[in-house]
Amino acid sequence: MNKRPEKNTDQEILLDLQIRCAAKTPAVEKLTVFTFLLLIFVLAILFFILPDKAFSEQENRALQQAPKISYSEKPLGRLLDGSYTADIAKYYADQFPARDLFIGVKGFTEIALGKKENNSVLLAKDGYLITRPSDPDYEALEENLASVADFADLMKRMDIPVTLAVIGRTYEAMSSYLPDSFPKDLTNRSWDYVQSVADGSQSLHYVNLLEPLKSMIDNGQAPRPIYYRTAHHWTTLGAYYAYAEIINSFGQKNLQPVPLSKFTIENASTSFYGTTWSKAGMKWIKPDVMEYFRYEGDNDYITTIEDTGQSFTGFYDRSYLSKKDKYSSFLSGNNGRTDILRADGQKREKLLVMKDSFAHSMIPFLAMHYDLVVLDLRYYSESVPKLVLKEGISRVLIIGNMENLCQTPVYGNLYYGAEQALDAYNRSFYPIRDIRVNGNSIENYTIAYPDIPEYEKAASLLHDAILEKTGFDLNTMILKEYDDIDRAIVLSDTGLSAEGLVKFSVDGNNLTICSTAQEGIIGAVETFIDTYLKEGTGAFNFPADYVYTDLSGEFAIIMPE
Amino acid sequence: MVFSSLEFLFLFLPITLLLYYAVPKKYLKWRNVVLLITSLIFYGWGEPIYVFLMIATITVDYICGYYIDKYLDTNPGKAKRVLITAVVINLSILGFFKYYDFLVSNLRRIPGLEGLPLLNLSLPIGISFYTFQALSYVIDVYRRDAKVQKNIATFGAYVTLFPQLIAGPIVRYKDVDKMLRKRDENIPLFASGVRTFLAGFAKKILLANVAGEIWNAQAAIPLDQRTVAGAWLGLICYAFQIYFDFSGYSDMAIGLGKMIGFKFLENFNYPYIARSITDFWRRWHMSLSTWFREYVYFPLGGSRCSTIVNIRNLLVVWFLTGLWHGASWNYVLWGLYYFVLLVIEKQLLQKFLSKLPAFFQHFYTLFFILFGWLLFVFEDLSAGMKYLGNMFGVGTVASFTQIDIYNIVRLLPFIAVCVIASTPLPKRLFYRLYEKYTWVRALAYTAGVLVFVLGLSYLVDSFYNPFLYFRF
């Protein structure tokens, strides 16, 4: 160490050393300063001159635009509370020049450092990108399955079979491709749980779609990939195998999956980059091939997006093929309700499919056998049981990948509207759906009668007849004199008409049946039953339309639709 | 605004440098004015309303400094009263904004005081740092360690100086007094600043943020599912995160300072190579330790007094050091933890320790530093103690699982980089070779560009947010 001025501390010595070093090589110093300034100024200028983008295809979201101070009602307020500057920060982040390039540099660096993954995407064998499964939310899983099992019980009472088909994530199906040290059993508990719920349910048919596909992958049986390398979805081939599993599981003799050889493979795109690829930042990974399995007559279907009313022929919305989000060309992406019917109007058995996006590529196969109502419960909030009844659904398929089952309680609302639907279903087996008095359903009416043995017998007669014809199990009660009563069928021993004939009348919300001299109360009730409750008997033949009105408009018999 | 943000690097910094160097060198006062204005904008970026608080602080301390200087010769009593006024005002502002809710939430536990209102004020950014700097000015003037600053813009520039405004180093006025009046911006200094800045940038973005992710992932694991290996990995990564984050920020500050002609003192001196707790605190956040030593410990009598008084002095300093880090008991506890360790070390262990092999000294030191971080990171003491238990197999599901092996294997290169970066080895090597070989200079230049591009990539990636529709 040659002579150096005395310094007080290590720090000052260091500072001095740094500057001394710097002074020694002026060229490098100049170049360093120049490069630094060049980088910050050039990027700053580029940021300003490059046009802003509205949408990021890679991220599938709208980008932050230049925040304007004028659009706010309180410009000073926005400036002072920091929300304006916060928007500038987002604007810089979203519109930064060569953003994709930097994302790629980061992805490359992480892998080069031996980290085996970037942004939670694992680089697996053969260039497969596999999203790390997130920590399961067992509460969501339990809620989903409890809901599905309850729903299956409900459907069973309506004689509609329900199948739950659970799809494996790439992580599970392609576990043999994972980096060697990466654990393969992280999600076993979720699968075991689904199996246990299925085993415990009398009404739910469970199809595990992971095992058959996984064994094909492990044994190298499939001619082409079953899962995409760059997306979290299965390929159309994977969807085909799953379709065959599902159709076989229905166990109907006359229903067989269409063999693979019947399809013509169309390469819809050879440059499909999925969402996993966007997330991974590993730009060197090659794109996937996306296939359509075409078959004769696959254009004889009309797909209708019920959310928007928009419809198209066949299953494919090819406008997506020119965008990044090519998978959305199946069924035109995620929509709340999509109906697929034959174009010629021929009606077939109706299958209700509740699904996530995995099912989109399977729909063309299912459409060969069923009319389809396809729901995505993430976007559909009306009552499913009511829909089942209204659409005359004869079978239900709930299909989704495990990730969705254990992340969001998407099936939590499945039971919504179940009681009314079940009721309506049961009611549909009775010849009379309802009797209305002054607009009120008699469902909660009471049969009231005076404390006389003959009247008690008549009340019981009426109760049984109403139960038989409508399913309503009305209460009976003894009516004391001067009791005020509302919403009742009153058997009365007063108010005989001058003619002494049977008289049925509506007063207020009550329906009154009066005893007559000739028939007594029992006879009067029998006349009422014969006249109004026995279809095709007594004095009236019921007309074909569903409402028959007598006793003025305040009394109505409602027939099933 | 923080240095590691895109709008700082590509909006604020270019404009500030442009304006600063657009003013000819001979008008240094106007360069200081540029610094004051740009620094106020820098400060106001995140919490614009508190700019007014900052201006109030500057005004108060400027006036107080002026009167202290005025009366110091003629009327020392009056000068002292002005000093006390300044100290009270500064500490009151700090106390009100930083500690009011903490104080009230503790007072509310006393019966009868449950009704005291909480204010839920957001903490003005950097208030702990700039209040201490402002205090150092009035005290230094009073002690005649520095000359009074008559130009309020220059004084304002000192308090608000954007490089060290938000997270230090805490600059003492006497250290920058001369630089405010005369400083020499030049290319070698600027280039050295670029390198220091980039070193800090790399520490913050490439090391601290990545280590932080690992720690967050471990901390997020539910209490009943942790493993011993995972708990250790997590806490070690937290130790790296806090060091690289803080020292990275200090380096960026020092680097930016050099770009505009300031030579700030280092704030960290490889604290994790310390051989004792005493040594650690000579190396960790040195500007804060210096501040407390100068303005609290020495005035109380320091160590030149009886052992009992000395211990009292240490207790005061470490209580305050803890409290300075945050308005919560765990920080106080963290400060007192070091008080206990330092007293034991000083009174009992010192002689014994220095005879042990270096390995044991390092082991002992790192062991206690690591557990100190548990107190620091968990505001809830019982959660911290549970984590501590996890590290020794209490309440864990296993010693390790396969995912731990996977993580440790894949993170080994990263952790190795962190370990090496925690030692002075790279810097020593750099300066030894840098002077000698041209290729090392070329390499250093290339490395600088690489670090900038890499850091930028990680920065851009952190805002990259693919919207995966299957989640929604």
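Identify, by number, the condition in (1) closer than 28 Å to A:ASP451 by Cβ; (2) modelled with pLDDT of 65 or more that A:ALA498 doesn't meet.
(2)
I'd like to check something: does region B:400-415 contain any residue that is touching a residue at least 24 places away in the same chain (Cβ under 8 Å), more than 10 Å from chain A (Cβ to nearest Cβ) and within 27 Å of B:TYR270 (Cβ to Cβ)?
Yes, some residue in region B:400-415 is touching a residue at least 24 places away in the same chain (Cβ under 8 Å), more than 10 Å from chain A (Cβ to nearest Cβ) and within 27 Å of B:TYR270 (Cβ to Cβ).
Looking at A:LEU63 and the list (1) facing another protein chain (nearest Cβ under 8 Å); (2) touching a helix residue (DSSP H, G or I) at 6+ places or on another chain (Cβ under 6 Å); (3) over 26 Å from B:LEU18 (Cβ atoms), which single condition is not satisfied?
(1)
So which helices (runs of 4 or more DSSP H) are wholly in region B:211-323 and hold at least 1 residues that are out of contact with any Lys or Arg (no Cβ under 6 Å at 6 or more places or on another chain) and modelled with pLDDT of 90 or more?
Numbers: elements: B:228-259, B:277-283, B:286-292.
Here the list reads B:228-259, B:277-283.
Could you tell me whether A:SER311 is within 14 Å of another protein chain (Cβ to nearest Cβ), among the polar types (S, T, N, Q) and surrounded by 13 or more Cβ atoms within 10 Å (Cβ to Cβ)?
Values: within 14 Å of another protein chain (Cβ to nearest Cβ): no; among the polar types (S, T, N, Q): yes; surrounded by 13 or more Cβ atoms within 10 Å (Cβ to Cβ): yes.
Against the criterion (within 14 Å of another protein chain (Cβ to nearest Cβ), among the polar types (S, T, N, Q) and surrounded by 13 or more Cβ atoms within 10 Å (Cβ to Cβ)), A:SER311 does not qualify.
Please tell me if B:GLN361 is loosely packed, with under 14 Cβ neighbours inside 10 Å, in contact with a helix residue (DSSP H, G or I) (Cβ under 9 Å, 6 or more places away or on another chain) and part of a helix (DSSP H, G or I). Even if it seems obvious, please write down each step before you answer.
Working: loosely packed, with under 14 Cβ neighbours inside 10 Å: no; in contact with a helix residue (DSSP H, G or I) (Cβ under 9 Å, 6 or more places away or on another chain): yes; part of a helix (DSSP H, G or I): yes.
It is false that B:GLN361 is loosely packed, with under 14 Cβ neighbours inside 10 Å, in contact with a helix residue (DSSP H, G or I) (Cβ under 9 Å, 6 or more places away or on another chain) and part of a helix (DSSP H, G or I).
Going by what's in this entry, would A:GLY107 be described as farther than 30 Å from A:LEU352 by Cβ, of a type outside the set (Ser, Thr, Tyr) and surrounded by fewer than 17 Cβ atoms within 10 Å (Cβ to Cβ)?
Numbers: farther than 30 Å from A:LEU352 by Cβ: yes; of a type outside the set (Ser, Thr, Tyr): yes; surrounded by fewer than 17 Cβ atoms within 10 Å (Cβ to Cβ): no.
In short, no.
Would you be able to say whether some residue in region A:422-440 is among the polar types (S, T, N, Q), more than 16 Å from the chain's Cα centre (by Cα) and either surrounded by 19 or more Cβ atoms within 10 Å (Cβ to Cβ) or under 30 Å from A:ASP356 (Cα atoms) (or both)? Walk me through how you get there before you give the answer.
So in region A:422-440, the residues among the polar types (S, T, N, Q) come out as A:426, A:428, A:438, A:440.
Within this subset, residues satisfying the condition of being more than 16 Å from the chain's Cα centre (by Cα) are A:426, A:428, A:438, A:440.
When the remaining residues are screened for being either surrounded by 19 or more Cβ atoms within 10 Å (Cβ to Cβ) or under 30 Å from A:ASP356 (Cα atoms) (or both), the result is none.
No, region A:422-440 has no match at all.
Listed residues B:PHE319, B:PHE339, B:PHE371; which is among the aromatic types (Phe, Trp, Tyr) and farther than 26 Å from B:PHE298 by Cα? Write out each step before concluding.
Values: B:PHE319 fails: farther than 26 Å from B:PHE298 by Cα; B:PHE339 fails: farther than 26 Å from B:PHE298 by Cα.
One residue alone meets the criteria, B:PHE371.
Only residues that are outside any loop (DSSP other than H, G, I, E, B), closer than 20 Å to A:LYS390 by Cβ and of a type outside the set (Val, Ile, Thr): list them for region A:334-357, please.
So in region A:334-357, the residues outside any loop (DSSP other than H, G, I, E, B) come out as A:337-342, A:350-355, A:357.
Imposing the further condition that a residue be closer than 20 Å to A:LYS390 by Cβ reduces the set to A:337-342, A:350-355.
Scanning region A:334-357 gives A:ARG337, A:ASP339, A:LEU341, A:ARG342, A:LYS350, A:LEU351, A:LEU352, A:MET354, A:LYS355.
To keep it simple, each residue is scored yes or no on (1) of a type in the set (A, V, I, L, M); (2) surrounded by fewer than 20 Cβ atoms within 10 Å (Cβ to Cβ); (3) at pLDDT 90 or above; (4) within 23 Å of B:VAL88 (Cβ to Cβ).
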position: B:LEU35; (1), (2), (3), (4): yes, no, yes, no
position: B:SER39; (1), (2), (3), (4): no, no, yes, no
position: B:TYR43; (1), (2), (3), (4): no, no, no, no
position: B:GLY46; (1), (2), (3), (4): no, yes, no, no
position: B:ILE49; (1), (2), (3), (4): yes, yes, no, no
position: B:LEU53; (1), (2), (3), (4): yes, yes, no, yes
position: B:VAL60; (1), (2), (3), (4): yes, yes, yes, yes
position: B:GLY65; (1), (2), (3), (4): no, no, no, yes
position: B:LYS70; (1), (2), (3), (4): no, yes, no, yes
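Name the residues in region A:359-376 that are under 12 Å from the mean Cα position of the chain (by Cα), within 20 Å of A:PRO257 (Cα to Cα) and within 14 Å of another protein chain (Cβ to nearest Cβ), would you?
Within region A:359-376, A:ALA359 is the sole residue that qualifies.
Among the residues of region B:416-444, which ones are more than 8 Å from every other protein chain (Cβ to nearest Cβ), within 26 Å of the chain's Cα centre (by Cα) and among the hydroxyl-bearing types (Ser, Thr, Tyr)?
Of everything in region B:416-444, those that are more than 8 Å from every other protein chain (Cβ to nearest Cβ), within 26 Å of the chain's Cα centre (by Cα) and among the hydroxyl-bearing types (Ser, Thr, Tyr) turn out to be B:SER422, B:THR423.
Every residue in region A:84-138 that is more than 18 Å from B:TYR458 (Cα to Cα) and hydroxyl-bearing (Ser, Thr, Tyr), please. Don't jump to the end; show me each part of the working.
Here is the first cut: in region A:84-138, the ones more than 18 Å from B:TYR458 (Cα to Cα) are A:84-88, A:123-138.
Passing the criteria: A:TYR84, A:THR85, A:TYR128, A:THR131, A:SER134, A:TYR138.
Can you tell me which of A:SER383, A:SER319 is over 25 Å from A:SER261 (Cβ atoms) and within 14 Å of the chain's Cα centre (by Cα)? Step through it out loud before you land on a result.
Details: A:SER319 fails: within 14 Å of the chain's Cα centre (by Cα).
Within the list A:SER383, A:SER319, the selection yields A:SER383.
Which numbered condition trips up A:ASP126, out of (1) within 36 Å of the chain's Cα centre (by Cα); (2) more than 24 Å from B:VAL451 (Cβ to Cβ); (3) charged (D, E, K, R); (4) facing chain B (nearest Cβ under 8 Å)?
(4)
Going by what's in this entry, would B:LYS346 be described as away from chain A (no Cβ under 14 Å), among the basic types (Lys, Arg) and assigned to a helix (DSSP H, G or I)? Steps first, please.
On the way: away from chain A (no Cβ under 14 Å): yes; among the basic types (Lys, Arg): yes; assigned to a helix (DSSP H, G or I): yes.
So B:LYS346 passes the test.
Restricting to region B:160-215, and then to whatever is small (Gly, Ala, Ser) and more than 30 Å from B:GLY234 (Cα to Cα), can you tell me which residue is farthest from the other protein chains (Cβ to nearest Cβ)?
Initial filter on region B:160-215 (small (Gly, Ala, Ser)): B:167-168, B:191-193, B:199-200, B:202, B:208, B:211-212.
So of that shortlist, the ones also more than 30 Å from B:GLY234 (Cα to Cα) come out as B:191-193.
Values: B:ALA191: 4, B:SER192: 5, B:GLY193: 9 Å.
Here the answer is B:GLY193.
For region A:22-124, which helices (runs of 4 or more DSSP H) that fit wholly inside it have 2 or more residues that are acidic (Asp, Glu) and modelled with pLDDT under 85? So that I can check it myself, show each step before the final result.
Working: elements: A:26-49, A:75-80, A:83-95, A:99-112.
Once the helices (runs of 4 or more DSSP H) in region A:22-124 are filtered for at least 2 residues that are acidic (Asp, Glu) and modelled with pLDDT under 85, what remains is A:83-95.
Among the residues in region A:130-150, are any surrounded by fewer than 17 Cβ atoms within 10 Å (Cβ to Cβ), within 16 Å of B:ARG410 (Cα to Cα) and in contact (Cβ under 8 Å) with a residue 60 or more places away in the chain?
no
The values are calculated or read from the model by the stated rules, or taken from the named source; none is laboratory data. Computed from a prediction, not measured in an experiment: that's the story for all the values here. Don't worry about glycine lacking a Cβ; one is built from the backbone with ideal geometry, like all the others, and counts go over all protein chains shown.
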